[in-house]
1. Quick test of your reading of the structure: residue 59 fulfils all but one of (1) closer than 30 Å to residue 131 by Cβ; (2) more than 24 Å from the chain's Cα centre (by Cα). Name the failing condition by number.
2. When you scan region 107-124, do you find a residue that is in contact (Cβ under 8 Å) with a residue 12 or more places away in the chain, among the aliphatic types (A, V, I, L, M) and farther than 19 Å from residue 38 by Cβ, even just one?
3. I need a count of the residues in region 17-57 that are open to solvent by less than 30 Å² (accessible area, probe 1.4 Å) and at pLDDT below 85.
4. Could you check how many residues of region 70-103 are basic (Lys, Arg), modelled with pLDDT of 90 or more and surrounded by 12 or more Cβ atoms within 10 Å (Cβ to Cβ)?
5. Restrict the check to region 205-222 and report whether at least one residue is modelled with pLDDT under 70, open to solvent by less than 60 Å² (accessible area, probe 1.4 Å) and part of a helix (DSSP H, G or I).
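The values are calculated or read from the model by the stated rules, or taken from the named source; none is laboratory data. Predicted, not measured: the structure shown is a model, and the values here were computed from it. A quick note on method: Cβ atoms are made from the backbone with ideal geometry, for glycine too, and the neighbour counts reach across all protein chains shown. Only protein heavy atoms, including side chains, enter the accessible area calculation; ligands, DNA and RNA are left aside. Shrake-Rupley method; radii C 1.70, N 1.55, O 1.52, S 1.80 Å.
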Amino acid sequence: MIGKGSVRHNTRAFTAKNVDKNRRADNMGFCQEDIKQVYHKLFDEALERYNAKQKRKDRMIDDYYEKIRRGKQEKLFREVIFQIGNKDDMNAKNEDGLLAKRILTEFMDEFQARNPNLYVFSAHLHMDEETPHLHIDFVPYINVQLEKQQKELKSNIEKMVQSEEVLQRDVRKYDEALEWQLPEPGAFTSAKAFRDKVVLPLVNKLKSLVKNLTIQCVRLKEEVLKLRKEKRELSESVEFYKAKIRDMNEGTGAVAGKGG
């Protein structure tokens with residue numbers, strides 16, 4: 001289920017009525033970070049880029065954490081609660097409860113790796129209530145590195161395409177430059193001498209040039225195709241993570257609506 005999210009409850013900073021203090025030692029804490037520092041870690045770089053683009057001071061954001069905290073549109077973080085069974089068939093006081101603890105622990109160990117776009121800053125397994133359950137608190141975010149790589153790839157592709165165009169323009173100049181034109185044979189030059197001393201050296205020079213230019217063209221085309229493929233894959237990754245976060249936000253809104 002999706003929870004309201006109470007880090008103080010999860011860390012047992014206060015004790016609710018349904019908690020057995022004698023079993024608190026059986027609880028497990030997987031991670032606990034200060035959410036303000038998490039926001040700085042995840043969003044400061046993006047916030048700096050955003051502010052740099054603003055021409056009006058009133059549109060700049062001083063502290064992204066405070067903006068979200070005070071706003072009505074978003075939540076600072078999301079919480080999901082995982083539980084196996086209930087107090088009757090998976091009670092925390094018996095063998096089945098210990099089995100649930102092992103399963104939830106293994107599930108938590110792999111959660112972050114499976115969900116790289118969810119930054120888990122607090123995770124706690126409770127064994128001091130009737131049924132073992134796991135609280136996972138996270139901040140959804142888009143991996144900035146993916147977007148950076150996407151922009152770099154786009155820039156590299158543009159440079160490679162420009163290089164290809166420049167190369168094609170350079171090829172055309174060989175039709176016009178004097179150094180690549182056959183001169184008029186002299187009045188007293190024999191056909192054999194003209195061929196051996198003028199034509200053949202120029203032909204060989206042109207053959208070498210064409211070979212080098214062909215290699216460069218092929219290399220550039222292959223590089224452009226490779227970069228475009230990488231850009232496409234990165235774009236798909238970014239869109240995939242955006243869709244997951246969008247779906248999760250919509251799901252949270254639906255649950256919150258029912259709870260209200």
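1. Unmet for residue 59, out of (1) closer than 30 Å to residue 131 by Cβ; (2) more than 24 Å from the chain's Cα centre (by Cα): (1).
2. no
3. Counting residues in region 17-57 that are open to solvent by less than 30 Å² (accessible area, probe 1.4 Å) and at pLDDT below 85 gives 1.
4. So the answer is 2.
5. Going through region 205-222, the residues modelled with pLDDT under 70 turn out to be none.
Looking for residues that are modelled with pLDDT under 70, open to solvent by less than 60 Å² (accessible area, probe 1.4 Å) and part of a helix (DSSP H, G or I), one finds none in region 205-222, hence no.
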